[in-house]
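The values are calculated or read from the model by the stated rules, or taken from the named source; none is laboratory data. Quick caveat, the model's predicted, so the values are computed rather than measured. Neighbour counts run over all protein chains shown; Cβ positions are idealised from the backbone, glycine included. Remember, those area values only see protein heavy atoms, side chains included, never the ligands or the DNA or RNA. Shrake-Rupley method; radii C 1.70, N 1.55, O 1.52, S 1.80 Å.
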Amino acid sequence: MAPLSPAVTRWGLVAALLGLWELGGRTLVTDPRTALFLPLPSTIALAAAALARDGTLLAAIVRSAGRVAAGAGAAVLVGVPVGAVIATWPRLGAALDAPLRLVRPVPPVAWVPLTLLWFGVGERQQLAILAFAALLVVVAGTTDAVAGVPPALLSAARNLGERRLLLRVAVPAALPGVAAAVREGVGTAWFVLVAAEFVSASEGLGVLILEGRDLLEPARTFVGMGALAACGAVTDLALAALQRRWTRWT
Amino acid sequence: MSATERLAGAALGGRRLPGALGIAALLAAWALAAARWPPHVLPGPDVVLRTVLDERALLLHNAARTLWRVALGYGAAVGIGLPLAGLLAGSPLADRQVGSLLTLLRAIPPFAWTPILLLWLGIGDGSAAIIVFLGALFPIVRQARAGFAAVPPALLLAARNLGASPRIYWIDVVLPGAAPMVFSGLRLGWALAWMSVVAAELVGADGGLGQMILDARNLARPDLAIAGMVAIGALAAASEGLLTAAERHTLRWRP
């Protein structure tokens, strides 16, 4: 038997499932009400094309991506310094770390109702919840990265007469871990985004997904879910590429 | 007590006081802020404590609903995820085929399934449990698969050549070798299970702590919302502690 091509061995199952879904839907589901609840892959593709053509999809993506960028950006600006402080000064670090430990078991999405009470429905509430969720991840990751810099590396550089210890030794040594923390923080923001948008938002991918249910157009829901997954994956791949570029020496 | 243990103890002691001060500072800042804002915006720690005590019946009732959903979804994720990881580690073809399917599905945040599940199944324990299942499944499969792949091949060959029965091969050789990674997946999955159940209950569920805290917001009862968050955090932390203890007990043979 000739060996199967890599594309077949990798995507064969996915293609077969999609084919079964389409065929099964066309032949087995005759009741139009059931068909309404379970859109076929072709219906979803058509809905995606329609939503892309009238600009709805792009508007939703821009809105959601903007929220993620702003929320995660704020989390990085605050979280990286805080994490570095926690790792560098043991006593001050313990004072900052203990309250965070107390807060960490509460899933960030559980803050949605409280932030709604404090900020009201609107963009500020959305940013607050995304920034907070990403902040916890970025602080934890940065703390680990900075605490993981081998002390021997620092003393070796000091003994060899390096003056700019922080800039030339400590920062490059911690950078790969910090970059990973930033990536994880952005991923968390994409994750939490849907939950925050479901509860209160006027536009965005989460709203698109929710509208599908409310308008009884499940195809719209699937388009939104696909776009959300694609956005998260693309952002992660882009950040991974940046991470490799900036930490090429590792 | 060895020298290292004493050193570690001293370091802990050195960090315990600042840690307690940090928590005290947080509580003091909360109390001060609460004195400035009306209680329907930010109630103080004392008010929240009283709410926890007064509303304990409500909290317990909703906590039981939430725990049941987590148990259903997480149990299914473990029951399906571990054998699936074994299959992926054992068969390269399955690894590529199912692996690519899992990669696609994993990119979708589990809570994004809520609207479609509500449409299909309606509001109930089933929808929430499936969200929990989806949240916990991917980390469990990923870590366990890596764990199975990390078992030294020499051990597997030795077990096979010595004629180990399938039971001994899987239970006594493969599982212990993979256990550290399996546990790491179980812990990651557990954290995501809690996040997923809260998100699912926020969007639409009949009862549960997530639903309770959203209702509390609609009733302008931030004290009840915070009490619910405290309950969620306490349950998540306590169960995580149980999981860590189980891990330590299971892996006590490790150096």
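Answer yes if at least one residue in the range A:126-142 is open to solvent by less than 40 Å² (accessible area, probe 1.4 Å), farther than 23 Å from A:L96 by Cβ and not in a helix (DSSP H, G or I), and no otherwise.
Checking the range A:126-142: not a single residue is open to solvent by less than 40 Å² (accessible area, probe 1.4 Å), farther than 23 Å from A:L96 by Cβ and not in a helix (DSSP H, G or I).
Which residues, counting only those in the range A:210-238, are in contact with a Lys or Arg (Cβ under 8 Å, 6 or more places away or on another chain) and buried (at least 19 other Cβ atoms within 10 Å of the Cβ)?
Across the range A:210-238, the qualifying residues are A:G212, A:T221.
Given the criteria buried (at least 20 other Cβ atoms within 10 Å of the Cβ), of a type outside the set (D, E) and away from chain B (no Cβ under 14 Å), does A:V80 qualify?
yes
Can you say whether A:R168 is assigned to a loop (DSSP other than H, G, I, E, B), surrounded by fewer than 20 Cβ atoms within 10 Å (Cβ to Cβ), more than 9 Å from chain B (Cβ to nearest Cβ) and more than 21 Å from the chain's Cα centre (by Cα), as far as the supplied structure shows?
No: the conditions fail for A:R168.
When the range A:31-84 is examined, which residues are found to be of a type in the set (A, V, I, L, M) and free of Cβ contacts under 8 Å to residues at least 12 places away in the same chain?
A:A35, A:A45, A:A49, A:A50, A:A52, A:L58, A:V62, A:A69, A:L77
With respect to the numbered conditions (1) open to solvent by 30 Å² or more (accessible area, probe 1.4 Å); (2) in contact with a Cys (Cβ under 9 Å, 6 or more places away or on another chain), which one is the sole condition not fulfilled by A:R104?
Of everything listed in (1) open to solvent by 30 Å² or more (accessible area, probe 1.4 Å); (2) in contact with a Cys (Cβ under 9 Å, 6 or more places away or on another chain), A:R104 misses just condition (2).
Name, by its number, the condition in (1) open to solvent by 30 Å² or more (accessible area, probe 1.4 Å); (2) at pLDDT 90 or above; (3) at the interface with chain B (Cβ under 10 Å from one of its Cβ atoms) that does not hold for A:L92.
(2)
State the number of residues belonging to the range B:217-228 that are open to solvent by less than 10 Å² (accessible area, probe 1.4 Å) and closer than 13 Å to B:V41 by Cβ.
2
Where the second residue is at pLDDT 90 or above and aliphatic (A, V, I, L, M) and the first is over 15 Å from A:L100 (Cβ atoms) and lies in the range B:26-39, which pairs have Cβ atoms under 7 Å and are six or more apart or on separate chains?
Taking only residues 6 or more apart or on different chains, the pairs are B:A33/B:L42; B:A34/B:L42; B:P39/B:V47.
Condition test on A:A181, is it of a type outside the set (F, W, Y), away from chain B (no Cβ under 11 Å), within 20 Å of the chain's Cα centre (by Cα) and open to solvent by less than 30 Å² (accessible area, probe 1.4 Å)?
So A:A181 passes the test.
Please list, ordered by first then second residue, the pairs with beta carbon atoms under 8 Å, 6 or more apart or interchain, first in the range B:128-151 and buried (at least 24 other Cβ atoms within 10 Å of the Cβ), second assigned to a helix (DSSP H, G or I) and among the charged types (D, E, K, R).
The qualifying pairs are B:A128/B:R69; B:A128/B:E201; B:A129/B:R69; B:V132/B:R69; B:R145/B:D95.
Looking at the range A:144-161, which of its residues are in contact with a Leu (Cβ under 9 Å, 6 or more places away or on another chain) and either open to solvent by less than 70 Å² (accessible area, probe 1.4 Å) or in contact (Cβ under 8 Å) with a residue 60 or more places away in the chain (or both)?
A:A145, A:L154, A:A157, listed by residue number.
Among residues belonging to the range A:185-207 that are free of Cβ contacts under 8 Å to residues at least 60 places away in the same chain and open to solvent by 10 Å² or more (accessible area, probe 1.4 Å), point out the one that is farthest from A:A233 (Cα to Cα).
Checking each candidate, the answer is A:S202.
Does the range A:98-125 hold any residues that are under 22 Å from B:A191 (Cα atoms), within 7 Å of another protein chain (Cβ to nearest Cβ) and either part of a helix (DSSP H, G or I) or in contact with a strand residue (DSSP E or B) (Cβ under 6 Å, 6 or more places away or on another chain) (or both), and which are they?
Of everything in the range A:98-125, those that are under 22 Å from B:A191 (Cα atoms), within 7 Å of another protein chain (Cβ to nearest Cβ) and either part of a helix (DSSP H, G or I) or in contact with a strand residue (DSSP E or B) (Cβ under 6 Å, 6 or more places away or on another chain) (or both) turn out to be A:A98, A:P99, A:L102, A:V109, A:A110, A:V112, A:P113, A:L114.
What residue, among those in the range A:19-35 that are of a type in the set (A, V, I, L, M) and open to solvent by 80 Å² or more (accessible area, probe 1.4 Å), is farthest from the chain's Cα centre (by Cα)?
A:L28
With the requirement that a residue be at pLDDT below 90 and either assigned to a helix (DSSP H, G or I) or open to solvent by 50 Å² or more (accessible area, probe 1.4 Å) (or both), what does the range B:203-216 give you?
Answer for the range B:203-216, where residues must be at pLDDT below 90 and either assigned to a helix (DSSP H, G or I) or open to solvent by 50 Å² or more (accessible area, probe 1.4 Å) (or both): B:V203, B:D206.
Condition first: in a helix (DSSP H, G or I) and under 30 Å from B:L209 (Cβ atoms). Can you find one or more residues in the range A:32-40 that meet it?
Yes: the range A:32-40 contains one or more residues that are in a helix (DSSP H, G or I) and under 30 Å from B:L209 (Cβ atoms).
Considering only residues that are of a type in the set (S, T, N, Q) and farther than 14 Å from B:M229 by Cβ, which ones fall in the range A:110-138?
Across the range A:110-138, the qualifying residues are A:Q125, A:Q126.
Looking only at the range B:83-114, filter to residues that are surrounded by 17 or more Cβ atoms within 10 Å (Cβ to Cβ) and β-branched (V, I, T); which one of those is nearest to the other protein chains (Cβ to nearest Cβ)?
Result: B:I108.
Exactly one condition in (1) more than 30 Å from A:V78 (Cα to Cα); (2) out of contact with any helix residue (DSSP H, G or I) (no Cβ under 9 Å at 6 or more places or on another chain) is false for A:M225; which is it?
The failed condition is (2).
Name the one entry in B:V182, B:V197 that is touching a residue at least 60 places away in the same chain (Cβ under 8 Å) and more than 14 Å from chain A (Cβ to nearest Cβ).
B:V182
Given the options B:L59, B:L117, name the one that is open to solvent by less than 40 Å² (accessible area, probe 1.4 Å), under 23 Å from A:L114 (Cβ atoms) and within 14 Å of chain A (Cβ to nearest Cβ).
Result of the check over B:L59, B:L117: B:L59.
For every residue, the table says whether it meets (1) at the interface with another protein chain (Cβ under 9 Å from one of its Cβ atoms); (2) part of a loop (DSSP other than H, G, I, E, B).
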residue: A:A201; (1), (2): no, yes
residue: A:L208; (1), (2): no, no
residue: A:R213; (1), (2): yes, no
residue: A:F222; (1), (2): yes, no
residue: A:M225; (1), (2): yes, no
residue: A:A229; (1), (2): yes, no
residue: A:T235; (1), (2): no, no
